[in-house]
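The values are calculated or read from the model by the stated rules, or taken from the named source; none is laboratory data. Since this is a predicted model, take the numbers as computed values, not measurements. Counting neighbours? That spans all protein chains shown, and the Cβs are built from the backbone with ideal geometry, glycine included. Note: accessible area is taken over every heavy atom of the protein model, side chains too, but ligands, DNA and RNA are not part of it. Shrake-Rupley method; radii C 1.70, N 1.55, O 1.52, S 1.80 Å.
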Amino acid sequence: MAKSSTHGVRYIGLATIDDSGVLLKGQSGLSDNGIYIINGKGEGTITANITGLEQAGTPVYANNQVKLIQHGKQQPQVALTVLNMNNDVLNKIKGYVSDGKGGYVLSSGDKPNVALLLCSEDIDGTLIYEGFSHGEVTETGRNHGTDNNNLTRADATLTFQALEPLKADIFMDDKGVQQPYKVWADDEPGFDLNLMYKEVFGGFSDVQSLRIPKKFKTTTVTQTSASSTSVTAQ
């Protein structure tokens, strides 16, 4: 059974989706199959801090007592620091467009619809996935500093703000209400890597093609067996 304490960032996957929640591929998307794993040579995620998973409760008084506590909706966002991310992908998820002369400017149109999946692990090696099927990415600033005896690196700092899913049948709670955030553990009964990717990334169905970092354990877990067909990682 997964533990509450996690460590590290195994990887983050990104994709863009259309206004109906369907994955964009090729020139319209972030890669040929639509998914971009931030995990190239010298590339990766440094930090990914999630906030807004719950709102602090507001006490409601009656008869000189707190009779109930009201809770607002989830408003998750992820503060990302990334190392050497592909600049074309970075511009796409932020909504920067090419002027055809080597320059990019922020489009005055709608922000791209972005989906995000974060993978970490607990102390026993169980993989924990946190997914957002719809959101927007902003880069509010850049910090530069002079080099001296050491190189002063300026890493991209991004904010992903989650929105409710665009597809009507995903991320549902027990009351039939959609939520913007979902979490999985790969040792849970019924876990299926393929179905998770399909849900987060607008119908994606080609997990075998992804260059996912090694050490993910299972595709499907059942209550009677912890073994299953694994997906080859590269």
**OP:** Please identify, among 95, 21, 109, the residue showing maximal mean-square fluctuation in a Gaussian network model of the chain using a 10 angstrom Cα cutoff.
**Re:** 109
Subject >> Three-way shape label, the range 3-68, alpha-carbon gyration tensor, a/c 1.5 >> reply: oblate
Original post:
Once a ≥ b ≥ c are taken as the square roots of the eigenvalues of the Cα gyration tensor of the range 73-123, is the result rounded (a/c under 1.5), prolate (a/b larger than b/c) or oblate (a/b not larger than b/c)?
Top reply: oblate
**OP:** Considering only 141, 203, 13, give the residue with the highest GNM mean-square fluctuation for the chain, with springs between Cα atoms whenever their separation is below 10 Å.
**Re:** 141
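Is it possible to state the helix-based mean residue ellipticity at 222 nm for the chain, with each DSSP H run of 4+ residues giving -39500 (n - 2.57), the sum divided by total residues, to the nearest 500 deg cm²/dmol? What is it?
Only helices count here, giving -2000 deg cm²/dmol.
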**OP:** Search the structure for amide H atoms under 5 Å from the amide H of residue 33, placed 1.01 Å from N in the peptide plane, and list their residues when 5 or more places away or on another chain.
**Re:** 26
**OP:** Label the range 101-207 by shape, choosing from rounded, prolate and oblate, from the square roots a ≥ b ≥ c of the eigenvalues of the Cα gyration tensor; if a/c is under 1.5 it is rounded, and otherwise prolate applies when a/b is larger than b/c, oblate when it is not.
**Re:** oblate
**OP:** Kindly rank 57-67, 79-89 from highest to lowest mean number of other beta carbons found within 10 Å of each residue.
**Re:** 79-89, 57-67
Original post:
Of the heavy-atom accessible surface of the chain (probe 1.4 angstrom), what whole percent is carbon and sulfur?
Top reply: 47 percent
Subject >> Charge dipole of the chain about the Cα centre (unit charges at C-beta), most positive-ward option of 20, 84, 61 >> reply: 84
Original post:
Got a sec to turn the phi values of the range 179-187 into Karplus ³J(HN,Hα) couplings, 6.51 cos²θ - 1.76 cosθ + 1.60 with θ = phi - 60°, whole Hz, x for Gly and Pro?
Top reply: 10, x, 9, 9, 10, 10, 10, 7, 9
**OP:** Can you grab the distance from the C-alpha centre of the range 134-189 to the C-alpha centre of the range 32-68, Å, no decimals?
**Re:** 8 Å
Original post:
To the nearest 20 debye, what charge dipole does the range 1-83 have about its Cα centre, counting +1 at the Cβ of each Lys and Arg and -1 at the Cβ of each Asp and Glu?
Top reply: 320 debye
Original post:
If you put +1 on each Lys and Arg Cβ and -1 on each Asp and Glu Cβ, how big is the dipole of the chain around its Cα centre, in Debye rounded to 20?
Top reply: 300 debye
**OP:** Using a Gaussian network model of the chain whose springs link C-alpha atoms within less than 10 Å, name the residue from 127, 193, 106 with the highest mean-square fluctuation.
**Re:** 106
